[in-house]
Every structure is written in C-alpha cells, then in structure tokens.
Number of protein chains: 2
Amino acid sequence: MTAPIALRRLNAADPDFARHLDHLLSWESVSDDAVNQRVLEIIQGIRSRGDAALLEYTQRFDGVTATSMAELILPRARLEQAFGRIPEAQRQALAVSAERIRLYHERQKQSSWTYTEADGTVLGQQVTPLDRAGLYVPGGKAAYPSSVLMNAIPAKVAGVAEVVMVVPTPRGELNELVLAAAYVAGVDRVFTVGGAQAVAALAYGTESVPQVDKIVGPGNIYVATAKRHVFGQVGIDMIAGPSEILVVCDGQTNPDWIAMDLFSQAEHDEDAQSILVCPDAAFLDAVEASINKLLPTMERAPIIRASLEGRGALVQVSDMNQAMTVANRIAPEHLELSVADPQQWLPQIRHAGAIFMGRYTAEALGDYCAGPNHVLPTSGTARFSSPLGVYDFQKRSSLIFCSAEGASELGKTASVMARGESLTAHARSAEYRIQD
Amino acid sequence: MTAPIALRRLNAADPDFARHLDHLLSWESVSDDAVNQRVLEIIQGIRSRGDAALLEYTQRFDGVTATSMAELILPRARLEQAFGRIPEAQRQALAVSAERIRLYHERQKQSSWTYTEADGTVLGQQVTPLDRAGLYVPGGKAAYPSSVLMNAIPAKVAGVAEVVMVVPTPRGELNELVLAAAYVAGVDRVFTVGGAQAVAALAYGTESVPQVDKIVGPGNIYVATAKRHVFGQVGIDMIAGPSEILVVCDGQTNPDWIAMDLFSQAEHDEDAQSILVCPDAAFLDAVEASINKLLPTMERAPIIRASLEGRGALVQVSDMNQAMTVANRIAPEHLELSVADPQQWLPQIRHAGAIFMGRYTAEALGDYCAGPNHVLPTSGTARFSSPLGVYDFQKRSSLIFCSAEGASELGKTASVMARGESLTAHARSAEYRIQD
C-alpha cells in the first residue's frame, strides 16, 4: 500500500500567493569553492600538458584503462557501426526524428543582407557559420541520444564545418544508441572523454583534440563550472538548471493524460519541477487522483514522487487570464496549453521556452521528434533567452561600405560626436574623408 | 624633440610568425579574488538591504552627498532639459546618428513564423521583446553618448517596454551630452548610480530600481565582474576586452589616413590594439613615417604611443590572400579593408565584428553614425559572437500544435526514443496520444 502523494496546493486568490510562488520557483545553482578550485586546476593541467593530462584525468575519473589518446578517439566508421547494430525500430525512430529536426531548423537559418542608400553607401550584415563546434554528451545514465540530435543538427544546418563530440565512458561503457545518434546527426569526430577535462580540451585544444569555437550540451556541476570558466575563450550555450513543465489546463483534458505529462518532467530527477494551473478545483482533484492511481505503475516512481512532493504544485486560478499571468511570472521551460483553443492565448504569453498547444501535444513529442529543439531556457531565463537553434551556430559581421559622398556627409556628424567625447583621433580620421 | 615610435614589425614569411602573432594577440582579463570577493559582498548587500545599501555604496564609492534614493533618480524631463542645453551642432549630430542607427536596426527585427504540415500540425517560433532592459553607462572620462545610442536604440526597436539606464556621477558630476543621448534614444528612466551596486540593483531590483531582464553596456572590472556573477539571474551582453582594429591595406591609401585610423583605436586606452597588414613593405614605412609625423599633434599622444608600442604592429604579408588568412586568425573587432575592391575579399572573411570597406570608410564613421552597432565582439570572440543588435533584445518561444493525426504519428516515434532512454513516463505520455 503506497502512501498518497503529498502534493502542494496553491490558490492565486490567496493574498500570500506571490510569495508562495516565488518560494516554489526559487532555485540557485551553486558551484562551491571546492568545485571551482578543482575545475581551475584541471583546466590549467590541460592547457599546460595537453593530451598527457587529458589521458591521466580520464584514467583517474572515468576508470578507463586506455594507455594512449588514440584509444579515446572514435572515427565516423565506429559511429556507423553502432547505427548498424541497434534494433531496426530504433534506427527508424532516430532517422525520423533527425529528419524532422533538420527540416524545422532549416527554417531558422539566417542570411546575409545589405541595402544601398541614395548616395551609394552600402550597409548590412554578413552571416557566417562557426568554424568548429564542440558537443558535450554526458555518459552513464543521463546519456540521451535525443540530446545528440538536438545539439548537433542545428550546428550542421548552420554550416559548421566540423562538429566534435565528447562523451565520457565510465569504466569503458559505450552507449551504442548515443553513437548511432551521432552518426545520424552528422557528428564528425568523437572523443571518449568527459568532465571538466573534456571542456578544457575543446576550449584550448590539445595535440589530439581540436580547439572549437563554441561548446554546447548539458553536463554535471563540473562540466557546467568548466563551461563558465572557459566562456570568452569559446562561446557556450546556456547553463541549464533542472527541467520544468507548466501545464495550463481548462479542466477538459483526460486527467490521466495530464498526470502522465507531469510525470514525464518529474521522472528526470528529484529537482525537476511540474506545475499544473487550472481554474477548476474539481479537475485539480481529479488529476491528483490520477497521480495517485498511476504513480505505483511507474518505473521511476521514487524519483517522480520526490520531485512532485519537493517542487511540484497544483495551482488554482480564477480564470484563464489569471493562468496566463501566472505562466508569464514563471516563464517556464515547457508550457503545455491543454485547452480547447490554444491559439487564443498565444498573444498573452510573453515568456516560455516552448509552447505545446492543445490536448494532443504532449511535451514528450517535442522532446524527441516534433522538430523544435528540446534545449530550452530553464529557471525563468525564458524572460531573456531562446531555445538552442541554428542562430547559435551562426554569427554576424556588420558591413559598412561608404561612398565618397556618403563618407563626406557622415564625417561631419562623426566629427561633432567624436569631439563631444574628446576623441580627437576619431574626429580627425573622420574629417580626412570630408570633401571640400 | 619626440623620440620616434618603437613600432613592432612582423613578417608573415617568418617561420616564427604564428607564435609572434599569438603572443601579440594574447589577452586575458582577470578578475582577481579580491575583486570577486568585494563584488559578491556588494551583490549580497543589495539583495538583502535594497535601496539603503544602494544609497550607502553610492555615497561611499562615488562621493556623492545624496541622502535619499529620490535624489538619485532623473526623470525624462531632466533628460529633455539636457537635450535643450547642449549646443545646436551636438543636438543635430545626436539626432542624425540616432535616426541612422534606428533605420539600420529596424532591418534586424525578427518576426514570429509558423508552418503547417500536411496533417494539420503547426510548428514555428513566437518572437517577443524582453520586458525590461538595463543599460550601464560608465561615468567620468569614459562616458560616451554614442554608447547610450548604440545600446538603447536596439532595445527600443525590439519593442522593449522599459529601458532603465544607470550612470554613476562621481562627485556629483553629470554629463549633459550623455543625458541628451539618453533622451534621443528613448531611455525611460535614469538612476545616477554605478559600479557593482548598480548591476546588482538592476539584476535583483530594489524598492526604487526595477528588476530588469538583461543588462548591457560597458564598465570597469567591478562592473564586468558583477555582470558575470548575475548572469543567469538576468541576461548580459558580452564582457568586452580592449578595443582593436585591424587595417588591411593594399598600399594605395593615403598613409596619413591609415595612421589616423590606427590612432583612433589606440587613443581609447593603453591596452587598445591597432594592427596594419599590407603586402607592401614601402607602404608600411610610409605609414610609420606618418605616425611619427602626426603623433606629436595628437591630444592623447601619450596614450596612443603606449598603445602602439605595447600592442600595435605593422605586418607584412606576401599578398592579399595571406592578409585574409591573418585577418581570420585575428578575428578582429574592427576590420578596415582599405583596398580598391573590398567586395572581392568579403567571401574570404570568416570572422570579424564589423567590416569597414574601402578607403573612405573610416572606423570612426561606424563608431558614431553610419548605422551599424559599435558594440562588437573583442579579443577574437568574433569567431563565435556578433555585434549587439535588436536580436539581443528579442527572444523566441518554440510553437508546437499537433493535430490529432500528427500527435498519433509522432507518438510512435517518441515512444521508441523514450524507451531507448529508459524514460517511461515520456513514452506513456506520448502513447496516450496514439490513436488505434
């Protein structure tokens, strides 16, 4: 007999609601001093001793027996072999997912643009891909082939010439499905290294590992801390917090579906957050009953329970307008609009990583194969950041090509501005271009 | 009698050239432990004591006599007053610059997009502006009205509802031109506070200062360190290194013009970097002669000399193709192509913040009024990042709206993928949507 779940219930009409909600959402990832120190030492080791240090750290931390860097390199042929080894259903699912992700991301590709002014001056931006991207893939339990697709495909669509993947193999354990995904996604080279040492190797390069321009992909606290430290030397993607879902329901969806959607977030880990918002108190009761009914049937029941009891909530609101206000306050990574007419609410949503619209659009569909990226801003950062995309693997150079006449006119304005800032060399450089 | 300048000369044919170039470019900004500790204390002070702490820090660090936060707030009316006070020529220059910057940035605005698949499934992205942006403007010497335009206008073009500016006023000194620029750029509110305390106030909010979603703008090491620490709580722009220019010349531009273009970078500060690359050794001599001739006439001669001698170089290459290779290695913030047909070389340039094309396009024109942004990636980060733009004040939410048929099909693929990752709740959530 399992104890019923102790699920937090909030009501937006409660005068203390804002404070309770703030408390529920509060999350700060902390890299403590010990982790920082350890990571800085590892980065220094890689920078000064390259491959030798990388091999040593890998032997020590991952318990592998490799005696040379050559043993830590997987060529494309090995990835192809993995693709051949996995069951046909998985091969098919990988191929379908990859193709849909590719088609969606093709639409994100930015192009160079220019325009010409009356005096012949040309202005614009040249858009180019990064030369080389590094993709961090966690080893062990959290090795997700879908993450390989979601991180590598946008880089390839952007035109990145070389995508280098690193993945640790604790005690030599390789995940064939991850390698198969790397094959499908077009990853060029794989190094079986991980941790802060892999991040440092990608950022600074070693004799074997090529230096990259940007590092993307999730990892543990050592990986996240290392990414923070190498930022500036290379680009990085977001530092992700725990995954979250906010389901807004009008009370008309099958409560079992909603319960399972909440579970699909909660099963990631104990810190994951699943929140349901609904104007109908009876429906909140029904979902809670579904949760209690379904929980014992779940393989990851202990994780789901810990997550729901620790960070989950059922929130009652007065109406759908208030639900939108709550959604914007949360700025959730995943927002499920399980309502009759989701389009109607879209203009009111200002902050969300991804919006799953209608009763049929389970978040899980978007996690794998709908097409949009599953790397999304967490912990309220959707207020200012976006899903991973092709635009993260492209960059822009401003273009300015002044005609003689244009430079002469602009020179007059620039001269006044520069002298107003006491930058005389700027002023004189501009004045040289003024025609008498 | 001034000593001739001791300017570094490099030759790309030298077998040690790559090493010399690496050494010349090496730059690492270091926030030492003392600065980190100080900044963390200040952030904690603002978070726990709000306005009271902000007022105290401002009194202490900026030497101002204000006794209440109300004295540290400038309304729009005060900005308008500043605009009325400055000379007509400056009013005119600000208006022209602002209008050109606005027109250029309008072209960067991203729009929402969707597409519909055969089964009725809709995919896309909704693009929305940030709610509120914070703009840091340094006080004292480095207070540049042009930076106010370059940071605030893209935010306003993006549709950011409120742009809040902070600017310290050491010993109460206000820069009227900066306030006038804030007026022209559409800044909504100004607080006369600065340093790490201003960054913390914008990131976390106080009783008077509203919490923002992103903080942009340059600052000293305390400001930069504070921005690094609050990243995640809010978005930040790049952490800028010293400014740099790479001039590539075919040897046919007036050497005085090139010398002054190099000066215009060098005059910023001793750490600024000015490099000239040319296939013609005689032209390098001519520019060096121009430098020695013009240097004594410059108001900031000591800074220019220190910058050129410490970090500048004249680089001889075998031909223009090699010049492009050097340019890509440097990935300069500013690249001036002072050549006959700059368009010809554009396809070979992979990394640069902004490209100034042709003999008439002095960098100074782009710094003020050509239209493109002057906030550009420094220290080689043009390999992976872009000029500040409207896109920095917009964010995207993925849109997924599956039809019943679409969800059923996708559910099959998602189920296989999820079970391959041992995420059973994901699989079951997807499977609920499969129609029999």
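The numbers here are math on the coordinates, done by the rules we state, and not lab data. Please read all numbers here as calculations on a predicted model, not as lab measurements. Cβ placement follows ideal geometry from the backbone for every residue including glycine, while neighbour counts extend to all protein chains displayed.
Let me know the mean shielding of B:351-357 by other chains, meaning the per-residue number of their Cβ atoms within 10 Å of its Cβ.
On the way: counts 6, 7, 4, 7, 8, 5, 5.
Across the residues of B:351-357, the mean count of other-chain Cβ atoms within 10 Å is 6.
Fewest to most neighbouring Cβ within 10 Å: what's the order for B:GLU270, A:GLU207?
Details: B:GLU270 16, A:GLU207 9.
By the 10 Å Cβ count, ascending, the order reads A:GLU207, B:GLU270.
From the residues B:SER338, A:SER307, A:ALA161, which one has its Cα farthest along the dipole of the protein assembly as shown in the positive direction, the dipole being from +1 and -1 charges on Cβ of Lys/Arg and Asp/Glu about the Cα centre?
Result: A:SER307, furthest along the dipole toward the positive end.
Cross-link partners among lysines for B:LYS227, C-alpha distance below 17 Å, same-chain residues fewer than 8 apart left out?
The qualifying lysines are A:LYS227, B:LYS214.
Around A:GLY251, what is the net charge, scoring Lys/Arg as +1 and Asp/Glu as -1 over all other residues with Cβ under 11 Å from its Cβ?
Numbers: positive: none; negative: A:ASP250, A:ASP280, A:ASP285.
After counting each charged neighbour, the total is -3.
If you take each beta carbon of peptide B:266-275 and count the beta carbons of other chains within 10 angstrom, what is the mean? Show your work: numbers first, answer last.
Working: counts 1, 7, 3, 0, 0, 0, 0, 0, 0, 0.
Taking all residues of B:266-275 together, the mean is 1.
Express the relative contact order of chain A as a whole percentage, based on alpha carbon pairs under 8 Å and six or more residues apart in sequence.
Working: 842 pairs, mean separation 86.5, N = 436.
Taking the mean separation of contacting Cα pairs over the length of chain A, I get 20 percent.
Whole angstrom only: what separates the Cα centroid of region A:191-249 from the Cα centroid of region B:391-431?
Between the Cα centre of region A:191-249 and that of region B:391-431, the gap is 25 Å.
What list of ³J(HN,Hα) couplings, whole Hz, do you get for region B:326-332 from phi and the Karplus terms 6.51, -1.76, 1.60, once you set θ to phi - 60° and write x for glycine and proline?
Working through the residues one at a time gives 5, 4, 5, 5, 6, 6, x Hz.
Going by how many other Cβ atoms sit within 10 Å of their own, how do B:ASP256, B:ASP280 line up, fewest first?
Values: B:ASP256 18, B:ASP280 15.
Fewest-to-most Cβ neighbours within 10 Å comes out as B:ASP280, B:ASP256.
Taking the Cα centre of region A:4-135 as origin and charging only Cβ (+1 Lys, Arg; -1 Asp, Glu), how large is the dipole, in debye to the nearest 20? Present the calculation step by step, with values, prior to reporting the outcome.
Working: 16 positive and 18 negative charges, 115 e Å.
Rounded to the nearest 20 debye, it is 560 debye.
Using every pair of alpha-carbon atoms in region B:102-145, split the distances into 5 Å bins beginning at 0 and state the percent of pairs per bin, rounded to integers.
5, 13, 11, 15, 15, 12, 9, 7, 4, 4, 3, 2, 0
Per residue of A:104-111, how many C-beta atoms from partner chains lie within 10 Å of its own C-beta, taken as a mean?
Numbers: counts 6, 0, 0, 6, 3, 0, 3, 0.
Average per residue, whole number: 2.
How far, in nm to one decimal, is B:ARG171 from itself in the other copies if the label point is set 7 angstrom along Cα toward Cβ? Shortest first, please.
Ordered by increasing distance: 6.9 nm.
Provide the three semi-axes, in whole Å and in decreasing order, of the ellipsoid equivalent to the protein assembly as shown as defined by the square roots of 5 times the Cα gyration tensor eigenvalues.
Working: eigenvalues 450, 217, 123 Å².
Taking √(5λ) for each eigenvalue gives 47, 33, 25 Å, largest first.
Can you give the net charge of the other residues whose Cβ lies under 15 Å from the Cβ of A:ALA382, counting K and R as +1 and D and E as -1? The partial results should precede the final answer.
On the way: positive: A:ARG329, A:ARG350, A:ARG383, B:ARG132, B:LYS214, B:LYS395, B:ARG396; negative: A:ASP237, A:GLU244, A:GLU333, A:GLU336, A:GLU363, B:ASP131, B:ASP213.
That works out to 0.
Could you give each residue of region B:210-225 its phi-based ³J(HN,Hα) in whole Hz, using Karplus coefficients 6.51, -1.76, 1.60 with θ = phi - 60°, and x for Gly or Pro?
Working through the residues one at a time gives x, 5, 9, 9, 8, 10, 10, x, x, x, 6, 5, 5, 5, 4, 5 Hz.
So in the protein assembly as shown, what percent of DSSP beta bridges are antiparallel if you round to the nearest 5? Don't jump to the answer; show the numbers that get you there.
Values: 28 of 104 bridges.
About 25 percent, rounded to the nearest 5.
Among A:374-387, A:291-304, A:402-415, how do they line up by average Cβ neighbours within 10 Å per residue, starting with the highest? It would help to have the intermediate numbers written out before the result.
Details: A:374-387: 24.6, A:291-304: 16.6, A:402-415: 22.4.
So the peptides A:374-387, A:291-304, A:402-415, ranked by packing, come out A:374-387, A:402-415, A:291-304.
Looking only at Cα atoms, what is the convex hull volume of chain B per residue, in Å³? Write down the numbers at each step before the final one.
Details: hull volume 91.1 nm³, N = 436.
Hull volume over Cα atoms, normalised by residue count, gives 209 Å³.
Got a sec? Charge dipole of the protein assembly as shown, +1 on Cβ for Lys and Arg, -1 for Asp and Glu; which of B:ALA95, A:ALA70, A:LEU284 is way out at the positive end?
Result: A:ALA70, furthest along the dipole toward the positive end.
Please name whichever of A:ILE42, A:THR128, A:ALA18 sits farthest to the positive end of the charge dipole of region A:14-131, dipole taken about the Cα centre and charges placed at Cβ: Lys and Arg +1, Asp and Glu -1.
Final value for the positive-end residue is A:THR128.
Provide an ascending nm list, one decimal, of label-point separations from A:GLN435 to the equivalent residue in each further copy; define each label point as 7 Å from Cα along Cα→Cβ.
6.9
Mind checking the alpha-carbon convex hull of region B:50-115 and giving the volume per residue in Å³? Spell out each step's value before the answer.
Numbers: hull volume 12.7 nm³, N = 66.
Convex hull volume per residue, Cα atoms: 192 Å³.
So, with +1 on the Cβ of K and R and -1 on the Cβ of D and E, and no other charges, what is the size of the charge dipole of chain A about its Cα centre, to the nearest 20 debye? Before the final figure, lay out each step's value.
On the way: 37 positive and 50 negative charges, 165 e Å.
In total the dipole reaches around 800 debye.
Once phi is turned into θ = phi - 60°, what whole-Hz ³J(HN,Hα) does the Karplus curve with 6.51, -1.76 and 1.60 give for every residue of region A:193-200, x standing for Gly and Pro?
Values, residue by residue: 10, x, x, 4, 5, 5, 4, 5 Hz.
What do you get for GluC sites (Glu not before Pro) in region B:1-95 restricted to DSSP loop and a cutoff of at most 10 other Cβ within 10 Å of the site's Cβ? Don't jump to the answer; show the numbers that get you there.
Values: sites: B:GLU28, B:GLU41, B:GLU56, B:GLU71, B:GLU80, B:GLU88; in loops: B:GLU28.
Passing sites in region B:1-95 are B:GLU28.
Starting from 0 in steps of 5 Å, tell me what percent of the Cα-Cα pairs of region B:393-436 lands in each bin.
5, 24, 24, 18, 13, 7, 5, 4, 0, 0
How big is the dipole moment of the protein assembly as shown about its Cα centre under a simple scheme where the beta carbon of each Lys and Arg is +1, that of each Asp and Glu is -1, and everything else is neutral? Debye, nearest 20, please.
Values: 74 positive and 100 negative charges, 29 e Å.
Magnitude of the dipole: close to 140 debye.
If we count other beta carbons within 10 Å of each Cβ, what is the order of B:MET165, B:MET324, fewest first? Could the numbers behind the result be given before it?
Values: B:MET165 28, B:MET324 20.
Ascending number of Cβ neighbours within 10 Å: B:MET324, B:MET165.
List the aspartates and glutamates whose alpha-carbon lies under 18 Å from that of A:LYS293, not counting same-chain residues fewer than 8 positions away?
By straight Cα distance, A:LYS293 reaches A:ASP256, A:ASP261, A:GLU267, A:ASP285, A:GLU309, B:GLU431.
Would you mind calculating the relative contact order of region B:178-231 from Cα pairs under 8 angstrom and at least 6 residues apart, reporting the percent as a whole number?
Numbers: 36 pairs, mean separation 17.0, N = 54.
Relative contact order for region B:178-231 comes out at 32 percent.
Net charge within 14 Å of B:PHE401 by Cβ-Cβ distance, Lys/Arg positive one each and Asp/Glu negative one each, not counting B:PHE401 itself? Walk me through the numbers before you get to the answer.
Values: positive: A:ARG359, B:ARG433; negative: A:GLU336, A:ASP341, A:GLU363, B:GLU117, B:ASP119, B:GLU405.
Residues near B:PHE401 contribute -4 overall.
Excluding residues fewer than 8 places away in the same chain, name every one of the lysines whose C-alpha is closer than 18 Å to that of B:LYS412.
Cα-Cα hits under 18 Å: none found.
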